[in-house]
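The values are calculated or read from the model by the stated rules, or taken from the named source; none is laboratory data. Please read all numbers here as calculations on a predicted model, not as lab measurements. For neighbour counting, all protein chains shown are included, and Cβ atoms are generated from backbone atoms with ideal geometry for every residue, glycine included.
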């Protein structure tokens, strides 16, 4: 029956050693270990929460980015439209101006051509007159070189003259 | 013949020798344990005696025997007899064969294996006078206890240093091995049984108990010197552990706990008055709980060792019949030893777990607050 009879010596030593072990471990081992474990769990928790917050933030950021992009697109569109408008205006104006200029130039060209033409005609007329006079002179000289001929001419002239 | 018995007995000193076939063992050991006393045949291998010797405490730490030379570590004997403290080394008993200063290790009788006082009768012959000194000797189990306490203390203080140094970074080395177990005790034992709010108060005790039982169960499986003592299979040790649990439970019991014992709610009045049947049942329950803790751990660990030793005994029982038979059986015994060893590894953990879990449950019951009468 020795097996199931607890011995006082072992109970004494067990109480003493286990008590000391319990005390020492509670103070120097479990306390710091548990504190560290709790700290770690907290830091993991915090990190997780932070990750969720960051995700949320990212989502918001993405949304605002999209918004921004959309706005930018719209702005670009309006700017492009404006630009097109302005370009069209400028083009129109330029065309008009060009037309006007062209007309003006044309007009002035025409004028100068007309002027030149007139000049040329006048000159031509003058030259023709001069030439005619010279020819007439030469002819007269020729015709009037002898008396017969002078007589014929006068006759002829006389025929043409209408006496009214 | 005596020599042969000693040889057989000692050479199988490899304590935790596992073997199975419980039925067979019971037959063998019962036969030898009780019948063996009267018709002991000198020189015969006595399995029951050998097993009891291996699972009991001793005054010296036997390492091995070669032939008749016993190699053992003598341990100090501390006795209080008639108010006097006597201290000497156990080697003075010469392995239990000699007496010293009127003390000797009883070889027979009710106090077999314990130190008894002897006195001389009229004829000058030394006789056991049936008086026991208070025995505070550093026995094999006490030595194993010191070693394990030192080991556990060293282990956990050194890993706690690592925790302090590294802060909340991931554990490293030994800490990474032990942390899952610490977390298991914290989350699955303490938190779930005691509750989120108050578990921290009981955690140091639960952790200490868990690792104390677990480590000593494992050390008990090692057949050589630093292990080999059947510490958690000793009733004094389990008794002390159970008393710790009992004291903590009793002192942390709140109003509801005591009310439940004295005047259990939801029970018909005639079970309380005039005969306080329920209070008596409840009060018995208070003492049953730690008692069950004590017996369960003791019985499980001791049974494991007994089965193992029983199996190894088979080799010698058959070996005495026929040497060849002994060799043949040894193969089977060793196979079963290995199997039992693996099973005992599992049991070492399960028993530590069960003891800690039940302690935690008792604490949880003591501090539970009943909001409603049920």
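Regarding residue B:73, is this residue in a strand (DSSP E or B) and either within 14 Å of chain A (Cβ to nearest Cβ) or surrounded by fewer than 15 Cβ atoms within 10 Å (Cβ to Cβ) (or both)? First the steps, then the outcome.
On the way: in a strand (DSSP E or B): yes; either within 14 Å of chain A (Cβ to nearest Cβ) or surrounded by fewer than 15 Cβ atoms within 10 Å (Cβ to Cβ) (or both): yes.
The answer is yes for residue B:73.
Do we have residue B:324 as more than 19 Å from residue B:261 (Cβ to Cβ) and either modelled with pLDDT of 90 or more or in contact with a helix residue (DSSP H, G or I) (Cβ under 8 Å, 6 or more places away or on another chain) (or both) here? Walk me through how you get there before you give the answer.
Values: more than 19 Å from residue B:261 (Cβ to Cβ): yes; either modelled with pLDDT of 90 or more or in contact with a helix residue (DSSP H, G or I) (Cβ under 8 Å, 6 or more places away or on another chain) (or both): no.
Against the criterion (more than 19 Å from residue B:261 (Cβ to Cβ) and either modelled with pLDDT of 90 or more or in contact with a helix residue (DSSP H, G or I) (Cβ under 8 Å, 6 or more places away or on another chain) (or both)), residue B:324 does not qualify.
Among the candidates B:176, B:192, B:170, which residue alone is farther than 20 Å from residue B:243 by Cα and within 11 Å of chain A (Cβ to nearest Cβ)?
Numbers: B:176 fails: within 11 Å of chain A (Cβ to nearest Cβ); B:192 fails: within 11 Å of chain A (Cβ to nearest Cβ).
None of the other options fit; the residue is B:170.
If you go through the range A:1-19 one residue at a time, how many are part of a helix (DSSP H, G or I) and within 7 Å of another protein chain (Cβ to nearest Cβ)? Give the steps one after another, and end with the answer.
First pass over the range A:1-19, keeping only residues part of a helix (DSSP H, G or I): A:2-4, A:8-19.
Next, only the ones that are within 7 Å of another protein chain (Cβ to nearest Cβ) stay: A:2-4, A:8-15, A:17-18.
Residues meeting the conditions: 13.
Only residues that are within 30 Å of residue B:302 (Cβ to Cβ) and more than 7 Å from every other protein chain (Cβ to nearest Cβ): list them for the range A:21-40, please.
Result: A:23, single match.
Within the range B:140-159, track down each residue that is closer than 23 Å to residue B:85 by Cβ and facing chain A (nearest Cβ under 7 Å).
Matches in the range B:140-159: B:141, B:142, B:145, B:146.
Rundown of residues vs (1) modelled with pLDDT under 85; (2) within 30 Å of residue A:37 (Cβ to Cβ); (3) in the same structural domain as residue B:225 (by TED's automatic domain parsing); (4) touching a strand residue (DSSP E or B) at 6+ places or on another chain (Cβ under 9 Å), yes/no style:
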residue: B:84; (1), (2), (3), (4): yes, no, no, no
residue: B:99; (1), (2), (3), (4): yes, no, no, yes
residue: B:123; (1), (2), (3), (4): yes, no, no, no
residue: B:153; (1), (2), (3), (4): no, yes, yes, no
residue: B:156; (1), (2), (3), (4): no, yes, yes, no
residue: B:165; (1), (2), (3), (4): no, yes, yes, no
residue: B:172; (1), (2), (3), (4): yes, yes, yes, no
residue: B:178; (1), (2), (3), (4): no, yes, yes, no
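When residues of the range B:228-275 are filtered for being surrounded by 13 or more Cβ atoms within 10 Å (Cβ to Cβ) and within 12 Å of chain A (Cβ to nearest Cβ), how many remain?
Residues flagged as surrounded by 13 or more Cβ atoms within 10 Å (Cβ to Cβ) and within 12 Å of chain A (Cβ to nearest Cβ) within the range B:228-275 amount to 18.
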